[in-house]
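Worksheet: one structure, shown below.
The values are calculated or read from the model by the stated rules, or taken from the named source; none is laboratory data. Bear in mind the structure is a predicted one, so any value in this text is a computation, not a measurement. When we count neighbours, we look across all protein chains shown, and the Cβ atoms used for this are built from the backbone with ideal geometry, even at glycine.
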Amino acid sequence: MPATFTSGTDWQDGESTPVLSRAVQESDCWPVDDRSGSGTKDQLAPGLHPIVAIGDRAAPTRPLNVCGAVMTINLSALGTATDRVQLNIAHGFISRQYVANVLTYAQSTPATFETTPVVGQPVYVDDSNDLGEGVTLSMSPLNDADVENPMAGVLWYCQDEIADGQVGGARAAATFDTALADELVEQEFCVMLVPGFRELA
C-alpha cells in the first residue's frame, strides 16, 4: 500500500497541459494529514502531487467539492494552516495517481472490487480508512461511512500505454491494465481531471 503521495518527474503525463492554476490554503485540502477519515494520510510537501478535494468534508456539500492535482506547495515558516497550495483544476489534465479498485465498502454486505477497469471509468476523492496513506482516489462513489465522494475524473491511458504503432511508434496494442485481483489493489493509473459540480441526490 503506498505510504506517500504521487511524486517523481513524470507525474504529469504527456504534454502537461492544459493548466488552470488556482491557489488554496492547505487547510482547505482533503484527504491529507489530519483532514482524512483515518487521520493518518500523508502530508502535503514539495514534490508530492496527489489529486485532492477542496472544501467541506461533511455531507451534503462534499460531492460538490472542486478537485485538482497538487502542483506545488509553499510552506510557511511555521508549517501551519497558512501553507499555500497551487492546484491544477483544468478539465482534461492527465496525471499519474494511485487509485484503489474498491467499488463498495463492507457496511452491510461484503466489499466489492473492480477487476476489469476501463478507460473512462470514474474515480473519486475518497477519505476512507481502508485506503493507504498515499492514496486519495478510489473507484467508489461512496466512502466507508456511506457518504458521497466528489468525482475527480476518469481513468485514462498514460502516454506509454496507448497504442501508437499506426503513427510510427513501438506499441501495436494498448497496455492499459484491464485485469486486477478481486481484492483491494492500489496501483498507479493515469487519471484525467473532469472537475465540476455534481447535483445533489
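For the list (1) modelled with pLDDT of 85 or more; (2) farther than 21 Å from Gly37 by Cα; (3) not in a loop (DSSP other than H, G, I, E, B), I need the number of the one condition that Thr178 fails.
Exception for Thr178: condition (3).
Within the stretch 135-160, which residues are in contact (Cβ under 8 Å) with a residue 60 or more places away in the chain, within 10 Å of the chain's Cα centre (by Cα) and either over 20 Å from Arg62 (Cα atoms) or in a strand (DSSP E or B) (or both)? Explain how you work it out, then say what you get.
Taking the stretch 135-160 and keeping what is in contact (Cβ under 8 Å) with a residue 60 or more places away in the chain, we get 135-137, 143-145, 147-153, 156, 158-159.
Those still in the list that are within 10 Å of the chain's Cα centre (by Cα) too: 135-137, 151-153.
Answer for the stretch 135-160, where residues must be in contact (Cβ under 8 Å) with a residue 60 or more places away in the chain, within 10 Å of the chain's Cα centre (by Cα) and either over 20 Å from Arg62 (Cα atoms) or in a strand (DSSP E or B) (or both): Leu137, Met151, Ala152, Gly153.
Results for (1) under 16 Å from the mean Cα position of the chain (by Cα); (2) not polar (S, T, N, Q), shown as yes or no for each residue.
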| residue | (1), (2) |
| --- | --- |
| Pro2 | yes, yes |
| Arg22 | no, yes |
| Ser38 | no, no |
| Pro46 | no, yes |
| Arg57 | yes, yes |
| Leu75 | no, yes |
| Asn101 | yes, no |
| Thr112 | no, no |
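Right, Gly120: within 18 Å of Val52 (Cβ to Cβ) and either of a type outside the set (Ser, Thr, Tyr) or not in a strand (DSSP E or B) (or both) or not?
Working: within 18 Å of Val52 (Cβ to Cβ): no; either of a type outside the set (Ser, Thr, Tyr) or not in a strand (DSSP E or B) (or both): yes.
It is false that Gly120 is within 18 Å of Val52 (Cβ to Cβ) and either of a type outside the set (Ser, Thr, Tyr) or not in a strand (DSSP E or B) (or both).
Quick check: anything in the stretch 42-59 among the polar types (S, T, N, Q), surrounded by 14 or more Cβ atoms within 10 Å (Cβ to Cβ) and either touching a helix residue (DSSP H, G or I) at 6+ places or on another chain (Cβ under 7 Å) or free of Cβ contacts under 8 Å to residues at least 40 places away in the same chain (or both)?
yes
Write out, first by first residue and then by second, each pair whose Cβ atoms fall under 7 Å of each other, whose residues are 6+ apart or on separate chains, and whose first residue, in the stretch 100-124, is farther than 22 Å from Asn65 by Cα while the second is of a type in the set (Phe, Trp, Tyr).
Correct list of pairs: Ala111/Tyr105; Val119/Trp156; Val119/Tyr157; Val119/Phe176.
Which condition breaks for Phe93 when tested against (1) in contact (Cβ under 8 Å) with a residue 24 or more places away in the chain; (2) loosely packed, with under 15 Cβ neighbours inside 10 Å?
Phe93 satisfies every listed condition except (2).
Read through the list (1) touching a Phe, Trp or Tyr at 6+ places or on another chain (Cβ under 7 Å); (2) within 22 Å of Ser7 (Cβ to Cβ); (3) modelled with pLDDT under 95; (4) not hydrophobic (A, V, I, L, M, F, W, C), then give the number of the only condition that Ser138 fails.
Failed condition: (3).
Tally up the residues in the stretch 106-117 that are farther than 21 Å from Pro2 by Cα and not in a loop (DSSP other than H, G, I, E, B), please.
Of the residues in the stretch 106-117, 0 are farther than 21 Å from Pro2 by Cα and not in a loop (DSSP other than H, G, I, E, B).
Does Gly37 qualify as being in contact with a helix residue (DSSP H, G or I) (Cβ under 7 Å, 6 or more places away or on another chain), touching a residue at least 24 places away in the same chain (Cβ under 8 Å) and under 14 Å from Asn149 (Cα atoms)?
Working: in contact with a helix residue (DSSP H, G or I) (Cβ under 7 Å, 6 or more places away or on another chain): no; touching a residue at least 24 places away in the same chain (Cβ under 8 Å): yes; under 14 Å from Asn149 (Cα atoms): yes.
No.
For the stretch 5-25, give me each residue that is touching a residue at least 60 places away in the same chain (Cβ under 8 Å), among the hydroxyl-bearing types (Ser, Thr, Tyr) and touching a strand residue (DSSP E or B) at 6+ places or on another chain (Cβ under 7 Å).
Passing the criteria: Thr6, Ser21.
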